[in-house]
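**Student:** I have a structure I would like to understand better, so I am pasting it below and will then ask my questions one at a time.
The values are calculated or read from the model by the stated rules, or taken from the named source; none is laboratory data. For clarity, every value in this text was computed on a predicted model and none was experimentally measured. Here the Cβ is made from the backbone with ideal geometry for all residues, glycine too, and neighbour counts use every protein chain on show. Surface areas here come from the heavy atoms of the whole protein model, side chains and all, with no ligands, DNA or RNA. Shrake-Rupley method; radii C 1.70, N 1.55, O 1.52, S 1.80 Å.
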Amino acid sequence: MPKAMITGVTGQDGSYLAEFLLGKGYEVIGVVRRTSHHSYERIDHLLDRLHIVTADLLDQHSLTTAVRDTQPDEVYNLAAQSYVPTSFAQPVLTGEFTALGVTRILEAIRLACPTARFYQASSSEMFGKVSESPQNEETAFHPRSPYGVAKVYGHWITVNYREAYGLYAVSGILFNHESPRRGLEFVTRKVSHAVARICHGTQKRLKLGNLESRRDWGFAGDYVDAMWRMLQQPVPQDYVIGSGSTHSVEDLVRIAFSHVGLDWHDYVDLDPSLQRPAEVDLLLADPQRAERDLGWKATMGFEELIRMMVDADLQRTVASQ
């Protein structure tokens with residue numbers, strides 16, 4: 001039975017990846033931080049099938065011990081401080097988790113289990129102020145946030161360990177991917193949650209920043225499949241993963257409100273304080289290499305994704321009343 005370790009297993013991607021790997025017959029080791037409060041909401045239905053271990057991206061010894069004791073075949077590093085606005089407020093902490101944390105887990109693998117195959121969760125935010133569109137594996141990075149900068153470090157240290165030590169280490173440059181399990185701080189879920197609450201009369205208005213910003217959005221459940229496929233290749237290689245189509249925040253808002261028969265103009269207020277200090281205006285993936293080499297392609301369209309998220313939040317809102 002193959003064995004996979006997932007950092008960030010309690011997050012959106014970690015929960016979908018754990019489900020995916022369990023379905024393929026893996027033993028799945030979920031890495032969690034020791035805190036005063038554990039949020040296992042996304043993996044609660046999986047806990048009896050997961051092996052939970054405690055380690056922290058800030059603590060080299062705990063990571064090395066976890067890798068040494070479990071000897072995984074595959075390691076997926078999905079843990080990070082991943083919210084862009086928070087990275088402006090806490091840039092040093094973001095660097096510790098999202099940048100140096102990658103080095104610590106690579107060191108743990110190098111020292112304790114060098115045969116393990118390693119996946120690093122890179123991000124389209126690394127492209128930032130894009131030099132070309134769409135963006136592919138050769139596009140230059142120009143990050144526009146401390147989060148994006150930290151992800152660039154994590155990406156290149158993964159390349160460095162691959163080249164310097166011969167580790168099977170790859171990065172997936174994933175464009176935005178969403179689901180009903182997305183955190184409320186992210187704009188897609190912020191919108192779907194607000195639409196549900198407005199429908200049920202528990203919220204009156206929705207405040208947003210830049211409606212013109214455009215992203216390549218897909219379904220997280222599709223994207224964890226791509227992560228796994230990357231680690232099954234004979235030669236380690238980095239891949240851009242995205243849908244190849246782009247939509248604006250205004251498109252997102254329009255689709256979400258129209259799904260419940262409302263006109264978004266009646267409920268949305270623009271708040272300049274919610275805009276980023278340095279905006280990323282347009283992200284659009286060119287996933288041709290992944291389609292060719294991995295046989296991977298996004299299966300869920302943008303409108304279907306947003307409607308699914310609104311429906312899930314409508315159900316949650318009813319259940320909480």
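**Student:** Can you pull the semi-axes for segment 29-170, root of five times each eigenvalue of the Cα gyration tensor, sorted largest first, whole Å?
**Tutor:** Here the semi-axes work out to 26, 20, 14 Å.
**Student:** Taking only C-alpha pairs under 8 Å that are 6+ residues apart, what is the relative contact order of the chain in percent?
**Tutor:** 17 percent
**Student:** Would you mind telling me which residue in 301, 148, 14 has the biggest mean-square fluctuation in a Gaussian network model of the chain, where springs connect alpha carbons within a distance under 10 angstrom?
**Tutor:** Among 301, 148, 14, the largest mean-square fluctuation in the Gaussian network model of the chain belongs to 301.
**Student:** What range in the chain is the longest one free of GluC sites (Glu not before Pro) that are in a loop by DSSP and have at most 12 other Cβ atoms within 10 angstrom?
**Tutor:** Longest gap between qualifying sites, sites excluded: 1-131.
**Student:** Let me ask something else. Hey, what did segment 167-272 get for relative contact order, percent, Cα under 8 Å, at least 6 apart?
**Tutor:** 40 percent
**Student:** If you don't mind, there's one more thing I want to ask. Under 5 Å between amide H atoms, partner at least 5 residues away or on a different chain: which partners does residue 171 have, H built in plane at 1.01 Å?
**Tutor:** Excluding prolines and chain starts, which carry no amide H, the hits are 120, 238, 239.
**Student:** Residues of segment 200-243 with the amide nitrogen closer than 17 Å to a label point 7 Å from the Cα of residue 304, along Cα-to-Cβ, please.
**Tutor:** The answer is 217-226, 242-243.
**Student:** For the chain, compute the number of Lys pairs whose alpha carbons are separated by less than 21 Å, excluding pairs fewer than 8 positions apart on the same chain.
**Tutor:** Lysine pairs meeting the criterion: 5.
**Student:** So, one more: Could you state the angle between the C-alpha long axis of helix 249-258 and the longest principal axis of the C-alpha atoms of the chain, as a value from 0 to 90 degrees rounded to the nearest 10?
**Tutor:** For helix 249-258, the angle is close to 60 degrees.
**Student:** Can you tell me how much longer the chain between residue 186 and residue 131 gets when fully stretched, taken as 0.36 nm per residue apart minus their C-alpha distance, in nm with one decimal?
**Tutor:** 17.3 nm
**Student:** While we're on this one: I'd like the carbon and sulfur percentage of the solvent accessible area for segment 129-196, probe radius 1.4 Å, heavy atoms only, ligands and nucleic acids excluded.
**Tutor:** Here it works out to 52 percent.
**Student:** What label, among (1) 32, 59, 9; (2) 29, 46, 21, 4; (3) 33, 55, 12, 0, belongs to P(r) over Cα pairs in 20 Å bins from 0, in percent computed from the structure on display?
**Tutor:** Read-out taken from this structure: (1).
**Student:** What's the angle, to the nearest 10 degrees (0 to 90), between helix 220-230's Cα axis and the longest principal axis of the chain?
**Tutor:** Approximately 20 degrees, to the nearest 10.
**Student:** On to the next question. Whole number in Å², please: accessible area per residue of the chain, 1.4 Å probe, ligands, DNA and RNA not counted.
**Tutor:** 43 Å²
**Student:** Here's something else I'd like to know. Taking the Cβ of residue 108 as the centre, find all other residues whose Cβ is under 13 Å away and add up their charges (Lys, Arg: +1; Asp, Glu: -1).
**Tutor:** -1
**Student:** For the chain, find the longest principal axis of its Cα atoms and tell me its angle to the long axis of helix 60-70, 0 to 90°, nearest 10.
**Tutor:** 70 degrees
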